[in-house]
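Below is one structure, written out as structure tokens; the observations come after it.
The values are calculated or read from the model by the stated rules, or taken from the named source; none is laboratory data. None of the values given here were measured: they were computed from a predicted structure. All Cβ positions, even for glycine, are placed from backbone atoms using ideal geometry, and neighbour counts span all protein chains on display.
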Amino acid sequence: MKNRALWRVVDNQSGTQSIVSTPSEAVAFVNSRFDTDDDEPFSITEVGPLLPKPLGVITAWAAKKDGERTDGRTAPITIRPVVTDSAIECDDVVLWDDVYVSWDHDMYTVEGPDGSEYSEAYSAAELSEILDEYAGDYEYVPEESDSHTRPNPRELIRYGAQECADRFGHLDDDALLWLAATRITLSLWRNTPVENWHAGKSPLHDGTMMRINAATTRIVRSMLSFDHVDWIAVGLAIVNPSRVLPTGQSVLELGLACHNPDDPAHDVDPREELAEMAQGAIGWGRTYRLREKEFGLRTLIEFFCAFDNGWFGAPSWGRIVDRFLTAVDDRENAHWHMHRDEPWFDEWFTNRPADIADTTEFRRLLHAGPDLLSEEAAEWCVEGGIGYVCQDDHANDCWRCGIQLAAESPDE
């Protein structure tokens, strides 16, 4: 695309425009507009080299600023992407709440507070220079210490890495990266406004939630390694409004589907929530980029692996699947002790969705990831309490599974 000529076709009456690369695209745009008696209804100008969208340029600039600091803190800026209905096309960014950066393929426009001034940049380098000028006007005031109420992050990282070694010292690198992916997904995706979308009366059901959590974990895992991690990119990939979920919806479309202005639990505009999530993800990425420099990549990843949350990708997932699949073929299994006497149980138990009726295929799909299940199958699993399968290693007694404490030897 960079080597092809581009043109901007502008409807001079409405100001509507399109960037095109072929005459046929220009004709299609012109034909889509209404008839006009204007002597010059359209103008066509050649567009210069394509520029990257501003969010990536600004996060790279912020990372550079972070690296120039000596106090281990991120530089004094905020980045809040503007999320709109056309999120796939839009990548405008607001800095410091009042500096607005917009993008038009071959040019950046930087508007100052209240639109009182603006600058144009025709390259990423020029944009970075303009941002340097604005950054000089902002004084960084460190937050007051809250060390008396919250643990020191550095101590937490050391503690988490040690917990990982104590609990999971037997795991290979691939398993550790999967476990880290589950914890990152929990933090940046599950424990966010997405959980509010899911709460109460919502079209985002439990089975759907399990599928999209697994799909998000899979994406995070693909971006982790012990060689290099772009922490900012990981965060932004999770909250990307145009990311397509297993339901076929984008993240933004899912949020809009759950939005209900008449329900206090769902009345917040998901565009605003996604913008806040993006802001949080960028801040998270910048922070862990600095912590990697201090502690090293392996220690940082091990810090994320201090706990097993029982998700797909965690060490316990294989055990959960095996025990759940043992239970679905045995009505008397201890797993069902809470459901066995419910009036709906027998019909539900004997009417598995067709795509998981075969236990061997059911096992394969669950091990491969619940995002591969159908919506109906995922909901069946959740109704069956897959999230509550006993994770005990059964080294001793287990009241849930009916395993008695091993008899003591006569010498004890």
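Residues in region 160-179 that are touching a helix residue (DSSP H, G or I) at 6+ places or on another chain (Cβ under 8 Å) and in a helix (DSSP H, G or I): Gly160, Ala161, Cys164, Ala165, Phe168, Ala175, Leu176, Leu177, Trp178, Leu179. State whether one or more residues within region 161-178 are under 11 Å from the mean Cα position of the chain (by Cα) and either at pLDDT 95 or above or not charged (D, E, K, R) (or both). No, every residue in region 161-178 fails to be under 11 Å from the mean Cα position of the chain (by Cα) and either at pLDDT 95 or above or not charged (D, E, K, R) (or both).
With respect to the stated conditions, Ile219 fails to be of a type in the set (Val, Ile, Thr), more than 20 Å from the chain's Cα centre (by Cα) and surrounded by fewer than 21 Cβ atoms within 10 Å (Cβ to Cβ).
Listed conditions (1) modelled with pLDDT of 95 or more; (2) surrounded by 15 or more Cβ atoms within 10 Å (Cβ to Cβ) are all met by Ala368, apart from (2). The lone criterion from (1) surrounded by fewer than 17 Cβ atoms within 10 Å (Cβ to Cβ); (2) touching a helix residue (DSSP H, G or I) at 6+ places or on another chain (Cβ under 9 Å) left unmet by Gly200 is number (2). What do you reckon, is Arg319 basic (Lys, Arg), within 27 Å of Ala181 (Cβ to Cβ) and in contact (Cβ under 8 Å) with a residue 12 or more places away in the chain? Taking the combined requirement at face value, the residue satisfies it. Pairs are defined by a Cβ separation below 9 Å, a sequence spacing of at least 6 or placement on different chains, a first member in region 229-244 that is farther than 14 Å from Leu186 by Cα, and a second member that is part of a loop (DSSP other than H, G, I, E, B) and among the β-branched types (Val, Ile, Thr); the pairs so defined are Pro241/Val83; Pro241/Thr84; Pro241/Ile88; Ser242/Ile88. Filtered by the rule that a residue be free of Cβ contacts under 8 Å to residues at least 40 places away in the same chain, surrounded by fewer than 16 Cβ atoms within 10 Å (Cβ to Cβ) and not aliphatic (A, V, I, L, M), region 105-131 gives Gly112, Pro113, Asp114, Gly115, Ser116, Glu117, Tyr118, Glu120, Glu129.
For (1) under 19 Å from Tyr388 (Cα atoms); (2) of a type in the set (Val, Ile, Thr); (3) touching a helix residue (DSSP H, G or I) at 6+ places or on another chain (Cβ under 6 Å), each residue gets a yes or a no:
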residue	(1), (2), (3)
Leu297	no, no, no
Leu300	no, no, yes
Phe304	no, no, yes
Gly313	yes, no, yes
Trp317	yes, no, no
Ile320	yes, yes, no
Phe349	yes, no, no
Ala357	no, no, no
Ala368	no, no, no
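Taking the listed residues Ser123, Ser116, the one that is modelled with pLDDT of 80 or more, over 24 Å from the mean Cα position of the chain (by Cα) and at negative phi is Ser123, with no other qualifying.
For region 376-395, a residue qualifies if it is out of contact with any helix residue (DSSP H, G or I) (no Cβ under 6 Å at 6 or more places or on another chain) and either at negative phi or hydrophobic (A, V, I, L, M, F, W, C) (or both), and the qualifying residues are Glu376, Trp380, Cys381, Glu383, Gly384, Gly387, Tyr388, Cys390, Gln391, Asp392, Asp393, Ala395. Restricting attention to region 286-332, the residues that are touching a Ser or Thr at 6+ places or on another chain (Cβ under 8 Å) and either of a type in the set (Val, Ile, Thr) or buried (at least 22 other Cβ atoms within 10 Å of the Cβ) (or both) total 7.
Residues that are under 24 Å from Pro54 (Cα atoms), among the aliphatic types (A, V, I, L, M) and out of contact with any strand residue (DSSP E or B) (no Cβ under 7 Å at 6 or more places or on another chain) within region 227-280 comprise Val229, Ile232, Ala233, Val234, Leu236, Ala237, Ile238, Val239, Val251, Leu252, Leu274, Met277, listed in sequence order.
Yes or no, residue by residue, for (1) under 21 Å from Leu236 (Cα atoms); (2) outside the structural domain of Ala215 (by TED's automatic domain parsing):
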residue: Ala281; (1), (2): yes, no
residue: Leu290; (1), (2): yes, no
residue: Phe295; (1), (2): no, no
residue: Arg298; (1), (2): no, no
residue: Asp322; (1), (2): no, yes
residue: Arg331; (1), (2): no, yes
residue: Met338; (1), (2): no, yes
residue: Pro343; (1), (2): no, yes
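If you check Leu256, Leu224, Leu236 for being within 19 Å of Phe304 (Cβ to Cβ), of a type in the set (A, V, I, L, M) and over 11 Å from the mean Cα position of the chain (by Cα), only one passes: Leu224. Within region 180-234, being charged (D, E, K, R), within 16 Å of Leu300 (Cα to Cα) and assigned to a loop (DSSP other than H, G, I, E, B) holds for Asp227, Asp230.
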